[in-house]
Amino acid sequence: MSSPLLAVSGLTKRYRRGGKTIAAVDDISFHIEPGETLALAGPSGSGKSTIARLVLRLIEPDAGHIEFEGGDFLSLNGAALRARRARLQMVFQDPLAAFNPRAMVARVLDDPLRTHGVASRPERTRRIAALLERVGLSADLAARAIHEVSGGQRQRIAIARAIATKPSLIVLDEAVSALDVSVRRQILQLLLDLQRQERIAYLFISHDLGVISAIAHRVVILDAGRVAESGNARAVIGAPQSAIGKALVAAAPKLNRTSQGAADRQ
Amino acid sequence: MTALLSIRDLTVTYRRDGSEVAALKHVSLDVAAGERFAIIGESGSGKSTLALAIAGLLPGSSKVGGSIEWKLPNLRLPHSFAPPSVLPDMSGRTEGGATERRPSAIATSHMPLGGRDIGFVFQDPSASLDPVMAIGEQIAEVARTHLGLTWSQSYAKAKSLLERVRLPDPDAALRAYPHQLSGGQKQRVAIAAAIAAGPKLLIADEATSALDTIVQAEIVALIRQLVAEDGMTLLFVSHDIALAAELAERIAVFRHGELVELGATAQIIASPRHAYTRALLDAHLGLDAEPLLRQAGATR
């Protein structure tokens with residue numbers, strides 16, 4: 001493989017809290033290859049979501065470099081930043097909070113197309129229908145309001161919006177955590193299909209090691225803003241070396257479908 | 001097994017956008033005294049409606065049919081020893097509108113009292129705690145209201161409860177406000193308040209769903225310990241069948257307001273009878289599950 005799609009090095013973000021300075025993200029480095037899924041795992045407060053926001057440049061770091069598609073991402077601004085952002089999209093946990101609930105589905109999908117320069121209205125209407133079908137929804141849904149569709153449909157719409165600008169990387173922050181298990185599996189399958197067909201890379205943030213081991217190539221386990229360990233997702237989750245990795249694995253609910261009386265072990 | 005409560009033909013209907021939606025349909029089940037009973041299901045399964053119905057917390061606008069019969073051998077009278085019949089009747093209250101929660105009109109025998117006989121822990125501890133009241137007071141209030149203790153006795157009780165739920169510094173926590181605590185610590189406080197009056201039944205409705213995996217495991221262990229120590233019956237409502245299986249002795253599976261399957265945990269997990277239960281088990285992504293990545297043929 002040539003140069004990585006995303007290369008993060010020495011990334012640091014500090015917050016002031018009660019007179020003390022806390023490093024939410026402390027000298028973090030990682031990279032993502034094209035078409036690869038890198039998972040960030042860790043307990044609450046480990047810095048996962050702060051990294052997501054730094055990579056998306058929703059907040060600015062105190063130190064470190066982010067290289068995206070071969071260029072210095074942090075030095076971009078104005079039109080150049082906007083143009084590059086088309087290649088770097090996001091999906092959050094709660095799509096209802098991410099969208100105006102009264103907005104029509106068509107409007108939600110029209111925004112990125114318009115912003116990123118898909119000119120004519122008839123062409124955009126055609127693209128919206130194609131995007132909905134792309135994520136397994138009926139094109140008729142375009143005329144519905146965001147608050148009228150189910151949670152699973154809403155997350156599909158969030159994915160449709162993310163892929164509208166043909167990104168090379170999507171940051172998914174707990175994107176399947178609020179979904180019912182049966183819906184969650186379908187959404188994960190959709191993400192895998194899109195990755196295989198479009199070679200999209202994912203920065204997949206989750207506290208759920210089960211989901212990570214199902215869909216991630218590699219995992220970075222974070223603890224208090226630092227990298228505790230990283231490597232092949234199945235290998236790390238199968239035999240964690242760090243204390244926090246072991247604690248995360250031990251805490252994951254396990255379903256033993258053969259043994260008797262799981263509840264009786266006290 | 002001695003039943004703590006018997007639910008028969010329970011149907012709950014909500015009005016939504018002018019039409020009636022049945023949240024629970026003809027549900028019948030018994031909860032045994034002292035057992036750990038899990039209610040699981042996806043969104044819209046009616047699992048929370050069942051928990052609210054048992055606690056008498058359904059919205060006033062809901063329509064309820066069927067019965068919940070309580071079999072509390074020594075249902076404690078209120079500390080004032082007033083017979084239940086002179087308890088304030090709140091059903092005629094209008095302030096707060098139709099969504100105000102009030103004791104519902106379910107036919108019950110020896111109706112227990114929420115907070116005293118039933119402790120309820122919700123998903124979001126921030127929503128169940130008063131943001132401008134010190135934590136010690138919030139717990140002491142429950143003990144004072146239901147146990148007839150003085151304020152100083154209630155406050156001492158609050159401190160011992162904070163020790164029981166293993167908050168790091170109970171003395172400081174008594175004076176702290178909810179926003180000063182982490183999500184897991186807030187849930188510990190909510191549990192302390194829920195068990196302050198020594199309820200017979202503890203209902204935990206998605207009580208760990210908003211917490212990270214490590215804190216979730218700690219809270220589940222805490223609930224298990226408190227239930228055992230106090231001889232409480234546990235009603236554990238969850239969307240997570242694996243989590244429920246680690247805690248409960250029996251599991252009831254709900255879907256679209258109906259009870260799909262009910263059985264001992266080992267039977268539900270190892271030999272489910274209903275296709276939907278199997279689907280839920282198959283959808284669980286365990287650490288040892290076959291990776292979707294490999295199934296998709298996208299190995300690297």
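The values are calculated or read from the model by the stated rules, or taken from the named source; none is laboratory data. Note that the coordinates shown come from a computational prediction; the quantities given were computed from them, not determined experimentally. Using ideal geometry, Cβ is built from the backbone for each residue, glycine included, and neighbour counts are taken over all protein chains shown. These accessible areas exclude ligands, DNA and RNA; they are computed on the full protein's heavy atoms, side chains included. Shrake-Rupley method; radii C 1.70, N 1.55, O 1.52, S 1.80 Å.
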Can you find a residue in segment B:195-207 that is more than 30 Å from B:Ile241 (Cβ to Cβ), outside any helix (DSSP H, G or I) and open to solvent by 10 Å² or more (accessible area, probe 1.4 Å)? yes
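Criterion first (in contact (Cβ under 8 Å) with a residue 60 or more places away in the chain and open to solvent by 10 Å² or more (accessible area, probe 1.4 Å)) does A:Ser182 satisfy it? Walk me through it before giving the result.
Details: in contact (Cβ under 8 Å) with a residue 60 or more places away in the chain: no; open to solvent by 10 Å² or more (accessible area, probe 1.4 Å): yes.
For A:Ser182, the condition - in contact (Cβ under 8 Å) with a residue 60 or more places away in the chain and open to solvent by 10 Å² or more (accessible area, probe 1.4 Å) - is not met.
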Test set (1) farther than 22 Å from A:Gly152 by Cα; (2) out of contact with any Pro (no Cβ under 9 Å at 6 or more places or on another chain); (3) outside any loop (DSSP other than H, G, I, E, B) - A:Glu67 fails condition number: (2)
Give the residues of segment A:215-255 that are facing chain B (nearest Cβ under 7 Å) and either touching a Cys at 6+ places or on another chain (Cβ under 7 Å) or aliphatic (A, V, I, L, M) (or both), sorted by residue number. A:Ile215, A:Ile237, A:Ala247, A:Leu248, A:Val249, A:Ala251, A:Ala252, A:Leu255
Unmet criterion (only one of (1) more than 7 Å from chain B (Cβ to nearest Cβ); (2) closer than 28 Å to B:Gly263 by Cα) for A:Glu198: (2)
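Looking at A:Gly210, is it surrounded by fewer than 17 Cβ atoms within 10 Å (Cβ to Cβ), in contact (Cβ under 8 Å) with a residue 12 or more places away in the chain and not polar (S, T, N, Q)? It would help to see each step written out before you state the result.
Working: surrounded by fewer than 17 Cβ atoms within 10 Å (Cβ to Cβ): no; in contact (Cβ under 8 Å) with a residue 12 or more places away in the chain: yes; not polar (S, T, N, Q): yes.
Here the answer is no, as A:Gly210 does not meet what is asked.
Criterion first (farther than 21 Å from A:Thr115 by Cβ and in contact with a Phe, Trp or Tyr (Cβ under 7 Å, 6 or more places away or on another chain)) does A:Ala235 satisfy it? Walk me through it before giving the result.
Details: farther than 21 Å from A:Thr115 by Cβ: yes; in contact with a Phe, Trp or Tyr (Cβ under 7 Å, 6 or more places away or on another chain): no.
No: the conditions fail for A:Ala235.
Determine if segment A:80-96 includes at least one residue that is within 14 Å of chain B (Cβ to nearest Cβ), touching a residue at least 60 places away in the same chain (Cβ under 8 Å), open to solvent by 10 Å² or more (accessible area, probe 1.4 Å) and not hydroxyl-bearing (Ser, Thr, Tyr). Please lay out each step first, then the result.
Our first condition is that a residue be within 14 Å of chain B (Cβ to nearest Cβ); within segment A:80-96, this holds for A:93-94, A:96.
Among the residues that remain, those that are also touching a residue at least 60 places away in the same chain (Cβ under 8 Å) are: A:93-94.
With open to solvent by 10 Å² or more (accessible area, probe 1.4 Å) added as a condition, the list becomes A:93-94.
Okay, now just the ones that are also not hydroxyl-bearing (Ser, Thr, Tyr), so A:93-94.
The answer is yes, given that some residue of segment A:80-96 is within 14 Å of chain B (Cβ to nearest Cβ), touching a residue at least 60 places away in the same chain (Cβ under 8 Å), open to solvent by 10 Å² or more (accessible area, probe 1.4 Å) and not hydroxyl-bearing (Ser, Thr, Tyr).
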Check segment B:173-183 and report whether any residue there is open to solvent by 10 Å² or more (accessible area, probe 1.4 Å) and within 30 Å of B:Leu280 (Cα to Cα). yes
Which condition number does B:Leu167 fail, the rest of (1) open to solvent by less than 40 Å² (accessible area, probe 1.4 Å); (2) assigned to a helix (DSSP H, G or I); (3) not small (Gly, Ala, Ser) being met? (2)
Residues that are within 14 Å of chain B (Cβ to nearest Cβ), in contact (Cβ under 8 Å) with a residue 40 or more places away in the chain, within 20 Å of A:Ala158 (Cα to Cα) and of a type outside the set (A, V, I, L, M): does segment A:49-60 have at least one? yes
Please indicate, with yes or no, whether at least one residue in segment B:5-23 is open to solvent by 10 Å² or more (accessible area, probe 1.4 Å), more than 14 Å from chain A (Cβ to nearest Cβ) and in contact with a helix residue (DSSP H, G or I) (Cβ under 7 Å, 6 or more places away or on another chain). yes
Somewhere in segment A:231-238, is a residue crowded, with 16+ Cβ neighbours inside 10 Å and charged (D, E, K, R)? yes
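Condition first: aliphatic (A, V, I, L, M) and under 20 Å from the mean Cα position of the chain (by Cα). Now tell me which residues in segment A:1-27 satisfy that. Spell out the reasoning first.
Taking segment A:1-27 first, the residues aliphatic (A, V, I, L, M) are A:1, A:5-8, A:11, A:22-25.
Scanning segment A:1-27 gives A:Leu5, A:Leu6, A:Ala7, A:Val8, A:Leu11, A:Ala24, A:Val25.
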Just a yes or no: is a residue in segment B:158-175 over 14 Å from the mean Cα position of the chain (by Cα), within 11 Å of another protein chain (Cβ to nearest Cβ) and either among the basic types (Lys, Arg) or more than 20 Å from B:Thr265 (Cα to Cα) (or both)? no
Among the numbered criteria (1) in contact (Cβ under 8 Å) with a residue 40 or more places away in the chain; (2) more than 7 Å from chain A (Cβ to nearest Cβ), which single criterion is violated by B:Ile219? (1)
Select, from B:Ala221, B:Ala217, the only residue that is under 30 Å from A:Ser206 (Cα atoms), part of a helix (DSSP H, G or I) and out of contact with any helix residue (DSSP H, G or I) (no Cβ under 7 Å at 6 or more places or on another chain). B:Ala221
Filter result (open to solvent by less than 50 Å² (accessible area, probe 1.4 Å) and not in a loop (DSSP other than H, G, I, E, B)) within segment A:112-126: A:Pro112, A:Leu113, A:Arg124
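The rows are residues; the columns are (1) in a loop (DSSP other than H, G, I, E, B); (2) in contact with an Asp or Glu (Cβ under 7 Å, 6 or more places away or on another chain); (3) open to solvent by less than 20 Å² (accessible area, probe 1.4 Å).
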residue	(1), (2), (3)
A:Ser29	no, no, no
A:Gly35	yes, no, yes
A:Leu38	no, no, yes
A:Gly45	yes, no, no
A:Ile59	yes, no, no
